[in-house]
Amino acid sequence: MTDLEQYLHSYFTFDQDDLMKVSALFKKKTLNKGDYFLKADKKCNQLCFIQSGLLRIYADVDGKEVTQWISTQGYFVADLSSLLFQTPSRWNMQALTTLDIFVIERAEYNRLGEIIPKWPETEKLFLAHCFKMMEDRIFSFISMTAEERYHFFFEKNREIFNQVPLQYLASMLGMTPETISRIRRKQLM
């Protein structure tokens, strides 16, 4: 069973037959460091599952890059608004390392309801999970100090702290690189 199949099985509780039908629609792809999965102002026509590597999601805001998220192994990634409504993407999605992904095209994604009768229920759970992650992130920004956000994120994502440039982490956490450096120095005392 591939990582994709294991994730689909554990998260969505597909039976074996449905699992095989869904996973067959995903194609394996490799992006090199620096390659884009998606560029801003383009329509998102794929949903990907990250098997390995790091993918940075960012926007150019008034000439400044603002990192929205760094996706790691085991995450699905797409600009959902663009994928579902075919609007231009707001996000650039760029490989920070070699990235091994499984990709499903929008047309295939839209056929899932024909292939798997319980897909509407499954998709609802998937979208609810995405929404919950977004709510948790917003809540952390309004309820935690910069230091609390740093520690919370560090505890859940230790593996990326030595792989991702400090300015990307700082931007994603809504702080400056100097603030992260100050928090790190404080930890060492």
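See the values below:
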item: Among (1) on the phi < 0 side of the Ramachandran plot; (2) out of contact with any His (no Cβ under 9 Å at 6 or more places or on another chain); (3) touching a residue at least 40 places away in the same chain (Cβ under 8 Å), the one test that Tyr11 misses; result: (2)
item: Per-region count, segment 90-125, residues of a type outside the set (Lys, Arg) and over 30 Å from Asn162 (Cα atoms); result: 18
item: Criterion violated by Tyr75 - all others in (1) under 27 Å from Pro165 (Cβ atoms); (2) among the hydroxyl-bearing types (Ser, Thr, Tyr); (3) at pLDDT 95 or above satisfied; result: (3)
item: Residue identified as touching a Leu at 6+ places or on another chain (Cβ under 7 Å) and surrounded by fewer than 17 Cβ atoms within 10 Å (Cβ to Cβ) among Lys33, Lys29, Lys43; result: Lys33
item: Long-range neighbours under 6 Å by Cβ, at least six apart or interchain, first residue small (Gly, Ala, Ser) within segment 132-146, second at pLDDT 90 or above and surrounded by 11 or more Cβ atoms within 10 Å (Cβ to Cβ); result: Ser140/Arg149; Ala146/Met175; Ala146/Thr179
item: Residues (under 13 Å from Thr179 (Cβ atoms) and in a helix (DSSP H, G or I)) located in segment 128-150; result: Ala146, Glu147, Glu148, Arg149, Tyr150
item: Checking Arg137 against (1) over 16 Å from the mean Cα position of the chain (by Cα); (2) surrounded by 13 or more Cβ atoms within 10 Å (Cβ to Cβ); (3) under 23 Å from Tyr150 (Cα atoms); (4) among the basic types (Lys, Arg), the condition it does not meet; result: (1)
item: For Val61: the one exception among (1) in contact with a Lys or Arg (Cβ under 9 Å, 6 or more places away or on another chain); (2) at pLDDT below 95; result: (1)
item: Top-ranked residue of segment 1-26 - restricted to ones that are hydrophobic (A, V, I, L, M, F, W, C) and surrounded by fewer than 19 Cβ atoms within 10 Å (Cβ to Cβ), ranked as nearest to the chain's Cα centre (by Cα); result: Leu25
item: Within segment 47-68, considering residues that are of a type in the set (Val, Ile, Thr) and either closer than 27 Å to Lys124 by Cα or in contact (Cβ under 8 Å) with a residue 12 or more places away in the chain (or both), the one surrounded by the most Cβ atoms within 10 Å (Cβ to Cβ); result: Ile50
item: Segment 29-46 residues that are over 16 Å from Leu83 (Cβ atoms), paired with ones that are aromatic (Phe, Trp, Tyr) and not in a loop (DSSP other than H, G, I, E, B) (beta carbon under 8 Å, 6 or more apart); result: Lys29/Phe102; Leu31/Phe37
item: Filtered residue count, segment 159-181, keeping only those that are of a type outside the set (Val, Ile, Thr), surrounded by 14 or more Cβ atoms within 10 Å (Cβ to Cβ) and not in a loop (DSSP other than H, G, I, E, B); result: 8
item: Filter pass, Phe152 being touching a residue at least 40 places away in the same chain (Cβ under 8 Å) and touching a Ser or Thr at 6+ places or on another chain (Cβ under 9 Å); result: no
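The values are calculated or read from the model by the stated rules, or taken from the named source; none is laboratory data. It should be emphasised that the depicted structure is a prediction, and the values quoted were computed from it without experimental measurement. No Cβ is skipped: glycine too gets one built from the backbone with ideal geometry, and neighbour counts run over all protein chains shown.
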